[in-house]
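I have placed the structure first, in the form of structure tokens, so that the comments after it can refer back to it.
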Amino acid sequence: MPTGLLLTPLQRWIAGTALAFAATVASASSTPHLFTTTQAPFGNPGVIDLFAPDAVVSGRFRYDPTVPASGTLANGATRYDASFVDIKGQVQGWKFDDPRGYTAVGNDLPAFGPGDFLQLGAEPSVGTGTHNLNGFSVGGWTLVNVRLFWIEGPLLGIDDFVDSDAMPLALPTFAGRLALDFVPTMSPSGPTSFVFFDGLTVTAVPEPATVGLFVAGGVAVIGWRR
């Protein structure tokens, strides 16, 4: 082997670590996203009075389309637990977060006309499953769920957009709707009231260029040795 290509054990370790780290990060399946809505919320009497006409909901989350199916929702959609995670958001100065949610996908569900259905939910229905949403209480109401969804049909002007119950590799680029679900603070088991925000958009955010830095470091070591 030419002398210029020989590396010391330390240099080989640094280069190998850089390449291994790059492969690990590149294979990460969850992608960070930002989300926001437009103004003019609407919903059930009482709870809608909490929000100003110019209120919007915004925040971030991670989405993992490689998670296996874990069950079904009552409407027939296939459910994928722990695929909608690290949820953090705010509305009108109030904040919420949840470490672990789910995705539900339904192709041509009878419950929607039939139509397609895609939902990212922070929590299961009130009274079922594990609830770990860190929400807020205000004006006699307590936040119990946050849902981002897209439904095929004229209501939102959405055409057919999934062809199976499999999780889409990428989330829709067209606008959906966001729901904040509340219960009376003195009645945590419900009934549930809803506030909706239209114009929901989600945007994938590239990860920091950490891989490039490590690979560059490994190449620099080799170049230095040469």
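A few points about this structure:
- All positions within the stretch 111-135 that are open to solvent by less than 40 Å² (accessible area, probe 1.4 Å) and more than 21 Å from A170 (Cα to Cα): E123, P124, L133, G135
- Residues located in the stretch 139-149, provided they are part of a strand (DSSP E or B) and either surrounded by fewer than 15 Cβ atoms within 10 Å (Cβ to Cβ) or among the aromatic types (F, W, Y) (or both): W141, F149
- Per the conditions (1) at pLDDT below 95; (2) in contact with a strand residue (DSSP E or B) (Cβ under 9 Å, 6 or more places away or on another chain), the sole criterion not satisfied by G127 is (2).
- Close pairs from the stretch 78-94: first over 21 Å from L171 (Cα atoms), partner in a strand (DSSP E or B), Cβ under 6 Å, at least 6 apart: V91/V57
- For beta carbons closer than 6 Å, sequence separation of 6+ or different chains, a first residue in the stretch 180-198 that is within 20 Å of L155 (Cβ to Cβ) and a second that is open to solvent by 10 Å² or more (accessible area, probe 1.4 Å) and among the basic types (K, R), the qualifying pairs are F196/R177; D198/R177.
- Selection count, the stretch 24-40, where residues are modelled with pLDDT of 90 or more and either within 19 Å of the chain's Cα centre (by Cα) or among the hydrophobic types (A, V, I, L, M, F, W, C) (or both): 10
- Residues being of a type in the set (V, I, T) and not in a strand (DSSP E or B) - total across the stretch 101-127: 1
Here is a yes/no grid of residues against (1) at pLDDT 95 or above; (2) loosely packed, with under 15 Cβ neighbours inside 10 Å; (3) under 20 Å from V126 (Cα atoms):
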{"site": "P9", "(1), (2), (3)": "no, yes, no"}
{"site": "G16", "(1), (2), (3)": "no, yes, no"}
{"site": "A22", "(1), (2), (3)": "no, no, no"}
{"site": "F42", "(1), (2), (3)": "yes, yes, no"}
{"site": "P53", "(1), (2), (3)": "yes, yes, no"}
{"site": "P65", "(1), (2), (3)": "yes, no, no"}
{"site": "V85", "(1), (2), (3)": "yes, no, yes"}
{"site": "G89", "(1), (2), (3)": "yes, no, no"}
{"site": "L109", "(1), (2), (3)": "yes, no, no"}
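- Selection count, the stretch 165-177, where residues are over 12 Å from the mean Cα position of the chain (by Cα) and aliphatic (A, V, I, L, M): 4
- For the stretch 150-171, a residue qualifies if it is out of contact with any Pro (no Cβ under 9 Å at 6 or more places or on another chain), surrounded by fewer than 17 Cβ atoms within 10 Å (Cβ to Cβ) and on the phi < 0 side of the Ramachandran plot, and the qualifying residues are P154, L155, L156, D159, D160, D163, S164.
- Scope the stretch 185-209; condition part of a loop (DSSP other than H, G, I, E, B) and surrounded by 15 or more Cβ atoms within 10 Å (Cβ to Cβ); matching residues: T192
- Index of the failed condition, P99 passing every other in (1) under 12 Å from the mean Cα position of the chain (by Cα); (2) under 16 Å from V202 (Cβ atoms): (2)
The values are calculated or read from the model by the stated rules, or taken from the named source; none is laboratory data. Predicted, not measured: the structure shown is a model, and the values here were computed from it. Heads up, the Cβs are rebuilt from the backbone with ideal geometry, glycines too, and the neighbour counts pull from every protein chain shown. Keep in mind that these areas ignore ligands, DNA and RNA; they rest on the heavy atoms of the full protein, side chains included. Shrake-Rupley method; radii C 1.70, N 1.55, O 1.52, S 1.80 Å.
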